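Report on one structure; see the data block that follows.
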Amino acid sequence: MNFSLILIFTVVIFLGYFLKGLAGFGGALFSVSILIIFFEVRDVVPIISIVDIASGFILLPRIRNYINKRMLITISAGLCVGTTIGVYFLKSFSNHALEIIFAVLVIFFSLRMLFYSNFIIHKLNKLKIFFGSFFGLIAGITGGMFGADGPPVVLYLSNQIKDKNFLRGTLISIFLVGAIWRNFIYFSIDFFTVQVYQISLLMIPVLFMATFLGSKVNYKMNEKTYRLVTSFILLISGAIILVR
């Protein structure tokens, strides 16, 4: 490990998990989208997977009373199945193909956040709870492939849970379940290396600081401002990955 590698991971993970502490999601999506500009997908995903599970446990005490348990169970069921499929894709696809798929995903989600559609919200409000498993399945596939299972779940839950605290708490709890299952699969197929464990361990203090500050700012930052900043960052990073 060299200093520049650790510095890049430190800055990116701090920013990414500050966002997660703020909104309950975005940590892995932001971190992976930036880090794969510098490193290969298969080198980044295992580290972010460990970091993600650690961030979930750090945030859990703050959100344990703000969890929609029915949504947690419904979405997690599909999430676990999808994660298994996603890990298979991660092992099977070329690194270049993975980068293109992820870049398209990031650009789509950032544009969706930037140009929020009331039509989509109206339609999604009509979906029954059963469809939570479907969105969980899609999220699990992207999570298994890239360690980022946020977009499909956020798209669904943001139209099902109106209370900001319950939305954030439910998102964090779902992503914690997904991270636990994803890490179990990665471990079972020997996806982790000594360097993965070393970098992940070094990121723990960064996680504590980032999630703590993000949680503090949670009630102060305007949602529209958050969406604009996050969308532009993701849009730019996705475009860079796509054209490089």
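Read-outs: derived from the displayed coordinates by stated rules, not from any lab. Worth saying up front: this structure is predicted, and the values here are computed from it rather than measured. Every residue, glycine as well, gets a Cβ built from its backbone with ideal geometry; the counts of neighbours run over all protein chains shown.
Helix 95-114 and the long axis of the chain differ in direction by around 30°, with both axes built from C-alpha atoms. State the Cα centre-to-centre distance between the range 199-217 and the range 93-107 in whole Å. First find each Cα centre; the distance between them is then 27 Å. Pairs of Cα atoms under 8 Å, at least six residues apart: use those to get the relative contact order of the range 3-243, whole percent. Answer for the range 3-243 is 39 percent. Computing FRET efficiency as 1/(1 + (r/R0)^6) for residue 97 and residue 201, where r is the C-beta to C-beta distance and R0 is 25 Å, gives about 0.20.
Which links in 20/91; 69/162; 162/216 stretch past 18 Å when you go from one Cα to the other? Exceeds cut-off: 20/91; 162/216.
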